[in-house]
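Report on one structure; see the data block that follows.
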Amino acid sequence: LCVLAVPVLFKQALENTEMEEGKSVSLRCELTKSDARVVWKKGEATLQASSKYEMKQKGTVAELVIHNAEPEDA
């Protein structure tokens, strides 16, 4: 039995999003597989769920919500 692993690809990549300081902003991407593990990063740093960062995933759509957005979140 030979099983080939199909790579996970982006069906819809992240788009540039304007944010208003102090508000929440949502970033979404769509993947080709619903069971793919998504890791959100800012530069080299991996973001962790907190009161600032909320990570959601439903099916093939992964979402990062940044609460109380600041210019440093760009």
The list (i) 10.8, 30; (ii) 14.4, 55; (iii) 16.0, 53 gives values of Rg and Dmax of the Cα atoms in Å, and only one came from this structure; which label was calculated from it? (ii)
Provide the per-residue ³J(HN,Hα) series for region 53-61, in order, calculated from phi with Karplus coefficients 6.51, -1.76, 1.60 and θ = phi - 60°, each as a whole number of Hz, with x at glycine and proline positions. 10, 10, 9, 10, 8, 10, x, 8, 9
Once normalised by the length of the chain, the mean sequence separation of its alpha carbon contacts under 8 Å that are 6 or more apart gives a contact order in percent of 34 percent
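Taking a probe of 1.4 Å, how large is the accessible area per residue of the chain, in Å²?
Numbers: 5900 Å² over 74 residues.
Accessible area per residue: 80 Å².
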Assign unit charges at the C-beta atoms only (+1 for Lys and Arg, -1 for Asp and Glu), then state the dipole size of the chain relative to its Cα centre in Debye, rounded to the nearest 20. 480 debye
Carbon + sulfur, % of accessible area of region 10-73 - ligands and nucleic acids excluded, 1.4 Å: 45 percent
Using DSSP to define loop residues, name the GluC sites (Glu not before Pro) in region 37-74 whose beta-carbon has at most 14 other beta-carbon atoms within 10 Å. Glu44
Would you check the chain for Lys pairs whose C-alpha atoms are within less than 16 Å, ignoring same-chain pairs closer than 8 in sequence, and give me the count? 8
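The values are calculated or read from the model by the stated rules, or taken from the named source; none is laboratory data. Quick caveat: nothing in here was measured; it's all calculated off a predicted structure. So basically every Cβ, Gly included, is an ideal-geometry build from the backbone, and we count neighbours across all protein chains shown. Just so you know, the surface numbers come from the protein's heavy atoms only, side chains and all, with ligands and any DNA or RNA stripped out. Shrake-Rupley method; radii C 1.70, N 1.55, O 1.52, S 1.80 Å.
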